[in-house]
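Asker: Got a structure here, written out as C-alpha cells. Questions coming.
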Amino acid sequence: MTLSALLFDKDGTLFDFARTWNGWSMAMLTELAAGDQARLAAMADAVRYDLSAAAFRADSVVIAGTNEEVAEALLPHLPHMTLSDLEQFLIRTAGEAELAQAVPLAPYLSALRDMGLKIGVMTNDGAHSAQRHLTRSGVYDLFDMVIGADSGFGAKPDPDPLLAFCSNVGVAPEATAMVGDSRHDLIAGRAAGMRTIGVLTGMARAEDLADLADVVLPDIGHIPAWLARA
C-alpha cells in the first residue's frame with residue numbers, strides 16, 4: 001500500500017472530542033438558557049448532552065453534524081432567535097473553545113510533510129471555525145487544504161468534499177486515506193474510494209468503526225508506524 005495524502009477530520013481526530021467540547025458545550029447551553037433551567041434541560045436533551053455528567057452521549061448530533069444541524073436541533077427552544085443568528089453564535093463561541101490536541105500537532109504534521117505526504121482537513125464544522133482552531137494551534141499553514149461544511153463542496157458523509165481535496169492536491173482517491181473518529185468520516189472515505197483510518201479520540205468505540213475502517217488506531221500519532229508496517 002502506498003499513500004500520498006492524508007485527509008483528517010478535525011474534532012475527535014486532530015482534537016480530542018471530549019476534552020475540547022464537553023466543557024464548551026456546558027457553557028454554551030448555559031448562556032443560551034439565560035437562567036431558565038427548563039430550557040437548559042430541553043436544549044441539552046435536544047443535542048443529547050448529559051448535564052449531570054457534563055458530557056455528550058454517543059448519539060449526539062454535535063459529534064458529526066454541521067453547525068446548521070446543531071442550530072436546528074436547538075432552535076425550537078429559542079424562539080427569540082433566528083436559525084442564522086443561532087448558527088453564528090455557535091460559530092463564534094466554538095472558535096474560542098479551549099482546544100485539546102490529540103497529539104502535539106505542529107511536530108506531528110511537520111513530520112508527515114517531511115515524509116512527502118499531502119495533508120488536509122475536511123470537517124463538518126464551518127470553515128471559519130476550522131481556520132480559527134488550526135491557526136490558534138499554530139498549524140493552519142501546514143495543511144494543503146482546509147475544507148468546512150460551508151466551503152461549497154458539501155458535508156460528510158457525502159464524498160464530494162473529500163474528492164475536492166484530492167483534485168486540489170493532485171492525488172488520486174485510492175492514494176489517499178480519510179482519517180476520522182466517526183462513522184460519517186469513514187462512510188465518506190469509502191464512498192470516495194479512499195483508504196479509511198479510524199481513531200478513538202472521539203466518542204465512537206473501536207467496534208463502532210471496525211466495519212468501515214482499514215485500521216482503527218488509538219489516535220493519529222499511531223499512523224506513521226502503521227504506514228511503515230503496511
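Asker: Can you pull out every residue in the range 87-105 that is in contact (Cβ under 8 Å) with a residue 40 or more places away in the chain and farther than 19 Å from Leu217 by Cα? Give the steps one after another, and end with the answer.
Answerer: Pass one, the range 87-105, residues in contact (Cβ under 8 Å) with a residue 40 or more places away in the chain: 89-90, 93-94, 97-103, 105.
Answer for the range 87-105, where residues must be in contact (Cβ under 8 Å) with a residue 40 or more places away in the chain and farther than 19 Å from Leu217 by Cα: Phe89, Leu90, Thr93, Ala94, Ala97, Glu98, Leu99.
Asker: May I pose another question? Determine the pairs where a residue that is under 17 Å from Ala94 (Cβ atoms) and free of Cβ contacts under 8 Å to residues at least 24 places away in the same chain, located within the range 106-132, has a partner that is in a helix (DSSP H, G or I) and of a type outside the set (D, E, K, R) with Cβ atoms under 9 Å apart, the partner being 6 or more residues away or on another chain.
Answerer: Gln131/Tyr140
Asker: Another question about this same structure. Mind checking whether some residue in the range 153-170 is hydrophobic (A, V, I, L, M, F, W, C) and at pLDDT below 95? Talk me through it step by step, then tell me what you get.
Answerer: Taking the range 153-170 as the starting set, the residues that turn out to be hydrophobic (A, V, I, L, M, F, W, C) are 153, 155, 162-166, 169.
Pick out the ones that are also at pLDDT below 95 and you get none.
Checked the range 153-170: no residue is hydrophobic (A, V, I, L, M, F, W, C) and at pLDDT below 95.
The rows are residues; the columns are (1) modelled with pLDDT under 95; (2) within 25 Å of Asp150 (Cα to Cα).
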| site | (1), (2) |
| --- | --- |
| Asp36 | no, no |
| Leu40 | no, no |
| Gln88 | yes, yes |
| Ile91 | yes, yes |
| Leu99 | no, yes |
| Leu109 | no, yes |
| Met115 | no, no |
| Asp125 | yes, yes |
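Asker: Which of (1) more than 19 Å from Pro224 (Cα to Cα); (2) within 13 Å of the chain's Cα centre (by Cα); (3) not hydroxyl-bearing (Ser, Thr, Tyr) does Arg190 not meet, given it meets every other one?
Answerer: It fails just one condition, (2).
The values are calculated or read from the model by the stated rules, or taken from the named source; none is laboratory data. Nothing here was measured: the structure is a model prediction, and the numbers come from that model. Positions of Cβ are generated from backbone atoms using ideal geometry, with glycine treated the same way; all protein chains shown enter the neighbour counts.
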